[in-house]
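Colleague: This is the structure I have questions about; it appears just below.
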Amino acid sequence: MARMLPKKDVVIIGLGWTGSIMAQHLTDAGLNVVAIERGPWRDTATDFNIAYMQDELRYAVRKDLFLQPNVEAMTMRNDMRQTALPMRDYGSFLPGNGVGGAGVHWNGQTWRFWDSDFSIKTHLTQRYGAAKLKNLQLQDWGVTWNEIEHSFDTFEYLCGVSGKAGNLKGQLQPGGNVFESPRSREYPNPPLKMPYTSTMFAQKMTELGYHPFPLPSSNLSQAYVNPLGVRMGQCSYCGFCERFGCGNYSKASAQTTILPVLIKKPNFELRTECEVLKVNLTPDGKMAKSVTYLDAKGVECEQPGDMVLICAYGLMNVRLMMLSKIGTQYDPATGKGTLGRNYCYQTSAGARMMFEGKHFNPFIGAGALGQVVDDFNGDAFDHSKLDFVGGAGIACNVSNGRPIGNRPTLPGSPRWGAGWKQATVDGYNNTMGIGSQGSSYPVRENYLDLDPTYTDRHGRPLLRITFDFPDNDVAMSNYMSDQMKKMVRPFNAKFSAVSRLKKGWNSVPYQSTHNTGGAVMGADPKTSAVNKYLQSWDVPNVFVIGASAFAHNAGMNPTGTVAALAFWAAEAITTKYIKSPGALVHA
Amino acid sequence: MSRFFLSAIFVALSTSAFAADAGKYQAVLGDCAGCHGKDLSGGVTLMTPFGKLVAPNITPDKDTGIGNYTADDFRAAMKTGVAPGGKRLYPAMPYPYYANMSDGDVAVLWSYLKTVKPVKNSVDINQLHFPFNLRIVMAGWNALFFDAKPQALEPGKSAAWNRGAYLVNGAAHCGACHSPKNMFGADKGPLTGAVLAGWYAPDLTSDKNAGLGRWSTADIAEYLQTGRNAHSIASGPMAEAVENSTSQMSDTDLNAVAVYLKDLPASRGNGGAATGVETQMKAGKDGYDINCAACHGRDGKGNALFPALAGNPNVLQVRDDTIARVVLAGTRAVSTAKAPTAPAMPSLGWKLSNQQAADILTYVRNTWGNAAPAVSAETVERVRGELHGGS
């Protein structure tokens with residue numbers, strides 16, 4: 001029998017970016033909030049110590065801050081005819097673990113999806129006709145750009161994002177991203193200082209007629225005090241961002257922006273090392289009444305609450321909804337059901353160039369440091385003569401020059417011994433890369449469900465990912481590779497190579513921790529699991545916040561949009577739901 | 001009409017609710033919670049050079065607290081260090097400071113303490129070494145070092161100065177940590193800095209190097225209220241004082257404290273710049289650039305988050321206990337409502353040798369306009385030993 005605990009107004013599952021944002025807002029509104037977090041407490045002072053944080057072996061290779069498969073694994077397959085097998089280690093993507101979630105080890109690339117993303121089906125249908133989308137399951141998100149723009153703004157000011165506006169209230173700004181949707185004001189901080197390779201990239205792209213701009217970055221170009229009074233330091237360009245917590249208080253995370261304020265509030269409580277097993281519904285299945293979890297000692301506890309906010313990593317959000325029977329499983333054969341629908345990923349390729357006699361100094365890096373062109377992103381370019389929709393941001397980022405992971409050598413170099421060592425010495429300072437981060441559009445046969453065979457340590461079915469790169473996205477990515485081929489030409493490198501994406505998603509090599517969809521938002525309960533306020537259509541006192549709500553994934557990093565959705569949902573709860581609990585949208 | 005009005009106000013002010021609120025503020029000024037614990041039930045251990053003292057329970061519990069005290073008992077304990085039954089308190093209870101409090105302020109404090117929730121908690125207070133464990137010894141101490149006469153007003157000074165003097169030398173008992181002690185633990189030399197439980201409570205006089213000479217009154221008030229300002233950031237024992245006490249003081253009182261401190265005559269300073277330490281300075285610069293500059297800046301100016309080292313009094317004290325300790329063991333700043341971040345200084349003791357730490361500290365103490373004596377490897381070794389030994 002579970003230990004029954006006193007009721008709270010709000011139970012939050014997971015204290016990463018979205019959980020922290022929701023908790024901050026709802027405690028401000030006077031609600032009593034408890035957050036239940038599976039992983040450990042983590043804080044800059046105690047866990048991201050600047051004196052040892054740059055331990056590449058511990059954090060980047062052995063993945064100290066990440067979810068381990070013995071805690072929760074997943075199974076994967078490329079198509080429905082295959083039998084999914086468990087991933088023995090996380091490779092292709094690396095979910096976070098503990099307070100701060102994946103927002104601890106992210107790079108800090110802080111994008112806004114475009115107005116044409118939120119109304120993607122309407123937009124593309126108007127421009128190209130419905131036939132262009134016939135093999136895709138694209139759908140509008142239910143929320144519009146004008147509704148959500150201020151939520152992006154709030155997040156950028158919380159984080160102190162360093163960047164350059166490209167479109168201020170419709171006025172294009174040279175030097176910024178002229179393809180972005182109109183923003184209400186400039187970024188809170190100026191762009192980071194650019195490294196040599198990114199500067200060179202921007203120069204060549206300008207000569208080619210493209211529109212390079214500094215990557216919007218939550219690595220701070222200068223010290224900053226955010227609207228909550230929390231202070232952040234200036235990025236030191238140490239290059240230990242991705243897979244690391246920031247020891248310098250200069251990468252935005254829940255720890256560096258919200259928690260110092262939140263954690264002291266009397267109406268907030270955090271329970272770490274407590275794993276939620278399921279959300280319990282009333283007998284008619286129409287309301288959530290509590291959450292069952294195992295505490296750090298393994299004692300089963302039941303935490304009742306008036307509202308339950310599912311704020312874990314997107315994939316875990318979807319699985320918890322499935323395990324709790326919140327909504328109906330999507331069936332790719334019939335297209336019916338919504339849970340697991342529109343799972344998307346990221347579609348990337350890259351180019352590498354090697355020179356002689358350069359001093360690129362790649363150890364001067366950051367998580368989100370570089371120049372980007374969006375001339376081929378989203379629908380910034382005409383697709384009418386192309387056999388795909390979607391696009392990619394093409395960027396020259398300098399994110400790390402770390403000694404274990406960054407050992408580029410010329411093809412044909414010895415693979416070991418003194419010859420290899422010399423080749424890595426020659427390669428280190430002479431190599432630069434550019435990459436295309438492409439959109440991922442939903443198709444009927446990519447989806448999530450519960451695995452029929454494999455279970456976790458508590459006997460619950462694992463999440464099963466059925467995914468391969470759709471033909472549309474492969475065509476898109478190969479088009480980007482063609483563009484990159486043209487882009488590298490004027491560099492006159494001694495050696496250059498451009499990769500081309502092929503079908504057959506492989507879960508082993510790292511690609512991207514941008515897993516989206518599965519509990520998507522929308523205006524139609526037949527095709528979306530949550531409404532435009534991220535409220536479950538089926539159980540209205542449950543809100544599901546995260547990239548799980550993305551109806552598709554764009555050619556941009558998701559965190560900015562994830563956080564904007566959290567602010568948007570928090571606002572709906574405090575201004576609408578608290579006054580009148582119940583469904584905020586009637587289908 | 002005015003007579004009626006005033007007497008009505010007097011009645012209103014005399015109600016116990018008002019007195020208890022005013023008394024609560026006195027408890028903030030006096031930082032009672034700092035030693036007696038958040039619920040005032042005692043139990044916080046004070047390490048003194050004479051042995052261990054554990055702060056007693058001062059909740060109104062009749063068996064283990066001070067529930068049987070009368071108002072007069074309480075006033076006597078606060079202002080003369082003598083508890084009921086003639087029991088002599090140790091001056092770790094800062095009655096030599098509280099003797100300066102007005103009877104009115106002590107009375108409202110008593111009103112407040114009577115409203116605190118009684119907690120049953122029996123405390124073994126006296127764990128001092130012989131002969132200090134004999135309370136009668138304190139009679140002699142008082143005869144030598146204790147002047148029960150309250151501090152007189154200085155008519156030539158402003159009201160703010162006088163209020164500041166009343167607070168600093170009374171309820172706030174700043175000198176308990178910041179004034180050097182003689183061999184009997186009594187104050188000598190006001191607020192010129194003192195060693196305290198492995199830290200060095202800095203010089204608060206107007207000396208430009210070791211003291212607060214470079215701070216404005218606004219800087220001092222900001223520091224006390226938020227725990228940070230452009231020059232420094234509070235950690236260690238001062239973090240507790242800021243959290244429990246100064247961050248909750250009124251703006252008027254903070255300004256008064258600042259006005260008074262700014263007017264303290266300069267101490268004899270820290271002894272001036274290090275000389276003949278070129279080797280240490282060169283090695284220290286390299287060590288600083290590698291280990292420290294990312295946060296504190298190569299110009300030593302810090303930023304909105306991390307404290308400056310240029311002109312930071314903690315860096316420039318005559319004794320280097322605090323900075324050696326902070327480099328070896330790290331520390332964490334206080335979190336206040338107005339400055340919630342509480343950044344941390346990491347421990348570098350595991351990666352720096354005593355000589356390396358001494359070189360860096362010598363460099364920091366003698367760069368960007370700083371001037372202070374060199375730090376020796378022996379000093380760092382001693383502090384390291386104290387940290388490991390826990391004494």
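Colleague: Looking at the range A:323-333, can you tell me whether even one residue there is assigned to a helix (DSSP H, G or I) and more than 14 Å from A:E37 (Cβ to Cβ)? Break it down into steps so the answer makes sense when it comes.
Modeller: Here is the first cut: in the range A:323-333, the residues assigned to a helix (DSSP H, G or I) are A:323-324.
Checking which are more than 14 Å from A:E37 (Cβ to Cβ) leaves us with A:323-324.
Yes; the residues of the range A:323-333 include at least one that is assigned to a helix (DSSP H, G or I) and more than 14 Å from A:E37 (Cβ to Cβ).
Colleague: Considering only the range A:164-180, state which residues are touching a strand residue (DSSP E or B) at 6+ places or on another chain (Cβ under 7 Å) and at positive phi.
Modeller: Initial filter on the range A:164-180 (touching a strand residue (DSSP E or B) at 6+ places or on another chain (Cβ under 7 Å)): A:164-168, A:173, A:175-178, A:180.
Hit for the range A:164-180 is A:G175, nothing else.
Colleague: Given the criteria under 22 Å from the mean Cα position of the chain (by Cα), farther than 26 Å from A:S218 by Cβ and not in a helix (DSSP H, G or I), does A:V71 qualify?
Modeller: Working: under 22 Å from the mean Cα position of the chain (by Cα): yes; farther than 26 Å from A:S218 by Cβ: yes; not in a helix (DSSP H, G or I): yes.
Criteria met by A:V71.
Colleague: Now a separate question. Within the range A:189-219, track down each residue that is among the charged types (D, E, K, R) and part of a loop (DSSP other than H, G, I, E, B). Talk me through it step by step, then tell me what you get.
Modeller: Our first condition is that a residue be among the charged types (D, E, K, R); within the range A:189-219, this holds for A:193, A:204, A:207.
Scanning the range A:189-219 gives a single hit, A:K193.
Colleague: Shifting gears a bit: Name the residues in the range A:159-210 that are acidic (D, E) and buried (at least 22 other Cβ atoms within 10 Å of the Cβ), would you? Quick ask: steps written out before the conclusion?
Modeller: Step one: list which residues in the range A:159-210 are acidic (D, E), which gives A:180, A:186, A:207.
Residue satisfying the conditions is A:E180 alone.
Colleague: If I go through the range A:221-239 residue by residue, how many of them are closer than 23 Å to B:A308 by Cβ, part of a loop (DSSP other than H, G, I, E, B) and at the interface with chain B (Cβ under 10 Å from one of its Cβ atoms)? Spell out how you get there, then give the answer.
Modeller: Step one: of the range A:221-239, the residues closer than 23 Å to B:A308 by Cβ are A:221-226, A:229-238.
Going one step further and asking which of them are part of a loop (DSSP other than H, G, I, E, B), we end up with A:221-223, A:226, A:229-230, A:233-237.
From what's left, at the interface with chain B (Cβ under 10 Å from one of its Cβ atoms): A:222-223, A:226, A:229-230, A:233-237.
Result for the range A:221-239: 10.
Colleague: Being under 24 Å from B:D263 (Cα atoms) and small (G, A, S): is that true of B:A92 here? I'd like the intermediate steps shown before the answer.
Modeller: Working: under 24 Å from B:D263 (Cα atoms): no; small (G, A, S): yes.
The answer is no for B:A92.
Colleague: Further, regarding this structure: Test A:S92 against the criterion of being small (G, A, S), part of a helix (DSSP H, G or I) and surrounded by fewer than 24 Cβ atoms within 10 Å (Cβ to Cβ), and give yes or no.
Modeller: Numbers: small (G, A, S): yes; part of a helix (DSSP H, G or I): no; surrounded by fewer than 24 Cβ atoms within 10 Å (Cβ to Cβ): yes.
The answer is no for A:S92.
Colleague: Count, please, the residues in the range B:11-57 that happen to be among the aliphatic types (A, V, I, L, M), at pLDDT 90 or above and over 21 Å from the mean Cα position of the chain (by Cα).
Modeller: So the answer is 1.
Colleague: Next up: Looking at (1) farther than 25 Å from B:G85 by Cα; (2) surrounded by fewer than 17 Cβ atoms within 10 Å (Cβ to Cβ), can you tell me which one B:T70 breaks?
Modeller: Of everything listed in (1) farther than 25 Å from B:G85 by Cα; (2) surrounded by fewer than 17 Cβ atoms within 10 Å (Cβ to Cβ), B:T70 misses just condition (1).
Colleague: In the range A:417-462, which residues are touching a His at 6+ places or on another chain (Cβ under 7 Å) and over 29 Å from A:T347 (Cβ atoms)?
Modeller: Correct list: A:N429 only.
Colleague: Now for a separate question. Give A:E275, A:E207 a once-over and let me know the one that is within 18 Å of A:T18 (Cα to Cα), in contact (Cβ under 8 Å) with a residue 60 or more places away in the chain and more than 13 Å from every other protein chain (Cβ to nearest Cβ).
Modeller: Every option except A:E275 fails the conditions.
Colleague: Taking A:T46, is it β-branched (V, I, T), more than 14 Å from chain B (Cβ to nearest Cβ), under 25 Å from B:T341 (Cβ atoms) and not in a strand (DSSP E or B)? Walk me through how you get there before you give the answer.
Modeller: Values: β-branched (V, I, T): yes; more than 14 Å from chain B (Cβ to nearest Cβ): no; under 25 Å from B:T341 (Cβ atoms): yes; not in a strand (DSSP E or B): yes.
No: the conditions fail for A:T46.
Colleague: Can I ask one more? Which residues, counting only those in the range B:57-114, are out of contact with any Pro (no Cβ under 9 Å at 6 or more places or on another chain), part of a helix (DSSP H, G or I) and among the aliphatic types (A, V, I, L, M)?
Modeller: B:A71, B:M78, B:V106, B:A107, B:V108, B:L109
Colleague: Something else about it: Given the criterion outside the structural domain of B:K38 (by TED's automatic domain parsing), more than 30 Å from B:G330 (Cα to Cα) and buried (at least 22 other Cβ atoms within 10 Å of the Cβ), identify the matching residue among B:A159, B:A171. Please lay out each step first, then the result.
Modeller: Values: B:A159 fails: buried (at least 22 other Cβ atoms within 10 Å of the Cβ).
None of the other options fit; the residue is B:A171.
Colleague: Also, I was wondering about something else. For the range A:106-139, give me the residue count where each residue is buried (at least 21 other Cβ atoms within 10 Å of the Cβ) and either at pLDDT below 95 or among the acidic types (D, E) (or both).
Modeller: Residues that pass the stated criteria total 1.
Colleague: I'm told A:A288 meets every condition in (1) within 26 Å of the chain's Cα centre (by Cα); (2) more than 14 Å from chain B (Cβ to nearest Cβ); (3) buried (at least 24 other Cβ atoms within 10 Å of the Cβ) except one. Can you identify the failing condition by its number?
Modeller: (1)
The rows are residues; the columns are (1) β-branched (V, I, T); (2) in contact with a Leu (Cβ under 8 Å, 6 or more places away or on another chain).
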| position | (1), (2) |
| --- | --- |
| B:I136 | yes, no |
| B:G140 | no, no |
| B:F145 | no, no |
| B:E154 | no, no |
| B:R163 | no, no |
| B:M183 | no, no |
| B:P190 | no, yes |
| B:L196 | no, no |
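Colleague: Let me ask you something else. Only residues that are at the interface with another protein chain (Cβ under 7 Å from one of its Cβ atoms) and of a type outside the set (S, T, N, Q): list them for the range A:240-250, please. Break it down into steps so the answer makes sense when it comes.
Modeller: Pass one, the range A:240-250, residues at the interface with another protein chain (Cβ under 7 Å from one of its Cβ atoms): A:248-249.
A:Y249 - this is the single residue of the range A:240-250 that is at the interface with another protein chain (Cβ under 7 Å from one of its Cβ atoms) and of a type outside the set (S, T, N, Q).
Colleague: Does the range A:23-39 include one or more residues that are within 14 Å of chain B (Cβ to nearest Cβ), touching a residue at least 60 places away in the same chain (Cβ under 8 Å) and within 23 Å of the chain's Cα centre (by Cα)?
Modeller: The answer is yes; a qualifying residue exists.
Colleague: I'd like to check something: does the range A:470-485 contain any residue that is farther than 20 Å from A:A351 by Cβ and part of a helix (DSSP H, G or I)?
Modeller: Residues of the range A:470-485 farther than 20 Å from A:A351 by Cβ: A:470-472.
Checking the rest, the ones that are also part of a helix (DSSP H, G or I) come to A:471-472.
Yes, the range A:470-485 contains at least one residue that is farther than 20 Å from A:A351 by Cβ and part of a helix (DSSP H, G or I).
Colleague: While we're on this one: Show me the helices (runs of 4 or more DSSP H) found entirely inside the range B:286-386 where at least 3 residues are more than 9 Å from chain A (Cβ to nearest Cβ) and in contact (Cβ under 8 Å) with a residue 24 or more places away in the chain. Outline the logic, then answer.
Modeller: Numbers: elements: B:293-296, B:321-329, B:354-365.
Passing ranges, in order: B:321-329, B:354-365.
Colleague: Does the range A:140-158 include one or more residues that are surrounded by fewer than 18 Cβ atoms within 10 Å (Cβ to Cβ), within 30 Å of A:N248 (Cβ to Cβ) and acidic (D, E)?
Modeller: No: zero hits.
Colleague: If you don't mind, there's one more thing I want to ask. When you check A:Q203 against the structure, is it farther than 30 Å from A:M484 by Cα and polar (S, T, N, Q), yes or no? Full working, then the answer.
Modeller: Numbers: farther than 30 Å from A:M484 by Cα: no; polar (S, T, N, Q): yes.
When the stated conditions are applied, A:Q203 does not pass them.
Colleague: Given the condition under 24 Å from A:F155 (Cβ atoms), surrounded by fewer than 24 Cβ atoms within 10 Å (Cβ to Cβ), within 14 Å of another protein chain (Cβ to nearest Cβ) and of a type in the set (K, R), answer yes or no: does some residue in the range A:251-261 qualify?
Modeller: no
Colleague: If you don't mind, there's one more thing I want to ask. Answer with yes or no whether A:V104 is assigned to a loop (DSSP other than H, G, I, E, B), under 21 Å from the mean Cα position of the chain (by Cα) and among the aliphatic types (A, V, I, L, M). It would help to see each step written out before you state the result.
Modeller: Values: assigned to a loop (DSSP other than H, G, I, E, B): no; under 21 Å from the mean Cα position of the chain (by Cα): yes; among the aliphatic types (A, V, I, L, M): yes.
Considered against the rule, which asks whether it is assigned to a loop (DSSP other than H, G, I, E, B), under 21 Å from the mean Cα position of the chain (by Cα) and among the aliphatic types (A, V, I, L, M), A:V104 comes out as no.
Colleague: What is the number of the single condition among (1) in contact with a helix residue (DSSP H, G or I) (Cβ under 7 Å, 6 or more places away or on another chain); (2) more than 19 Å from B:L305 (Cα to Cα); (3) within 13 Å of chain B (Cβ to nearest Cβ) that A:F268 does not meet?
Modeller: It is condition (3) that A:F268 fails.
The values are calculated or read from the model by the stated rules, or taken from the named source; none is laboratory data. Computed from a predicted structure; not experimentally measured. Glycine gets a Cβ as well: all are built from the backbone with ideal geometry, and neighbour counts include every protein chain shown.
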